[in-house]
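Accompanying notes for the structure given below.
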Amino acid sequence: MMEQQTIGQTFTCSGVGLHSGQEAMVTLKPASAGAGRYFIRTDRPEQPTIPAKVEAASRTEMSTELAMGEVSVRTVEHLLSALAAEGIDNVKIEINGPEVPLFDGSALLWIEQLQQAGRVSCQVSASSPLKLQSPVWVQEKDTIAAAFPSDTVCLSYGIDFPVAAIGQQWYSWYPEREAYYHAIAPARTFVLAEQVASLRQAGLIKGGSLDNALVCNEQGWLNPPLRFANEPVRHKILDLVGDLSLLGRLPQAHIFAYKASHRLHVRLAQRLHQSQCYDQTFAPLTP
């Protein structure tokens, strides 16, 4: 029987948020068994707690936001993805602003910091593997996110963009076969150059730059080289892992997504959370 894990030591990182453009400092600290992954807004007088759970999911426009009452924290998906991949069940995340820093647009810094901090057992048994009894899915027009019964964890993703540099990409990631650190963590967020102006007019990507996101136009990438030939679809899997981590751990299932978004990822997590087709237990992301 596996045991719940927390980080071995405290560490701090700081950087700029993608959408707010604000600098924030994030400190991760060990947490006790059963505490889960949760944020504390240290810049607020009351220092409110925001759990990284499905119930706290709020806005999902171009990132995932968690909220409790009027207090929120945004762009949590990369950090949560790394925590899930490293098998960290319980951790206290102190942040002095409204948005988690983006760093280089991937989860690589978080994974490296987590591996340096190490992990320790909370001396309490973790849940048994979740086994789906029937498929669960959500769909919006031609986009879909689904979970199918499976003997192992697999995430398959498809994207389709009208620019040649991206085009159609498909990728399946099996955690048992490929380490997250090598296959998923380095993949950076991306955006089409034609979307930048409208996104900024909408008050988004204020902190975006060629240093923290891949930008593509009809002629190709503005800031090559890519870390993978299919870096965009790998990043979508990174985001999917982070959004589904709001369940606690990924289900033992084949997760499939096509042209999906944070909104659809979170809707699938909510549907799985509410569904009666499984036994309410979870499987670890990593072996």
**Complete:** In segment 3-125, taking the dipole from +1 charges on Lys and Arg beta carbons and -1 charges on Asp and Glu beta carbons about the Cα centre, the listed residue (Thr10, Val54, Thr75) farthest towards the positive end is Thr10
**Asked** Taking a temperature of 4 °C and a viscosity of 1.567 mPa s, what whole-number D in µm²/s does Stokes-Einstein yield for the chain with Rh from Kirkwood over alpha carbon pairs?
**Response** 68 µm²/s
**Asked** When you take every Cα atom in segment 3-125, what is the radius of gyration, and what is Dmax, the widest Cα pair distance, in Å?
**Response** 13.5, 41
**Asked** Which of the GluC sites (Glu not before Pro) found in segment 74-160 are loop residues per DSSP with 14 or fewer other Cβ atoms within 10 Å of their Cβ?
**Response** none
**Request:** Ratio to report: Rg/Rh of segment 136-274, with Cα atoms as the point set and Rh obtained by the Kirkwood method; give two decimals.
**Result:** 0.97
**Asked** Between Ile184, Leu268, Leu214, whose Cα lies farthest towards the positive end of the dipole of segment 158-281 when Lys and Arg beta carbons carry +1 and Asp and Glu beta carbons carry -1, centred on the Cα centre?
**Response** Leu268
**Message:** Taking 8 Å as the Cα distance limit and 6 or more residues as the minimum spacing, I'd like the relative contact order of segment 3-125 as a percentage.
**Reply:** 40 percent
**Item:** Full-stretch length increase - Gln201, Lys141 - with 0.36 nm per residue and alpha-carbon distance subtracted
**Value:** 19.0 nm
**Fill in**
With label points set 7 Å from each Cα along the Cα-to-Cβ direction at His273 and Asp104, the distance between them in nm comes to 3.3 nm
**Request:** Using a cut-off of 10 Å between beta-carbons, work out the net charge of the residues near Phe39 (Lys and Arg +1, Asp and Glu -1, Phe39 not included).
**Result:** +2
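Of the beta bridges DSSP finds with both residues in the chain, what % are antiparallel, to the nearest 5?
Antiparallel bridges: around 70 percent, rounded to the nearest 5.
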**Asked** What FRET efficiency comes out for the pair Glu194/Glu70, r = Cβ-Cβ distance, R0 = 30 Å, nearest 0.05?
**Response** 0.30
**Message:** I'd like the antiparallel share, as a percent to the nearest 5, of DSSP beta bridges with both residues in segment 3-125.
**Reply:** 75 percent
**Prompt:** Hey, fewest Cβ within 10 Å first, where do Val196, Val54 land in order?
**Reply:** Val196, Val54
**Prompt:** Taking the C-alpha atoms of segment 83-211, how large are the radius of gyration and the largest Cα-Cα span, Dmax, in Å?
**Reply:** 18.3, 51
**Asked** For Thr152 and Met25, what is the calculated FRET efficiency with R₀ set at 45 Å and r taken between the beta-carbons, to the nearest 0.05?
**Response** 0.70
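Read-outs throughout are calculated quantities, based only on the coordinates presented, and are distinct from any laboratory measurement. All figures in this text were calculated on a predicted structure; none of them were measured in a lab. Reconstructed Cβ throughout: ideal geometry from the backbone, glycine too, with neighbour counts over all protein chains shown.
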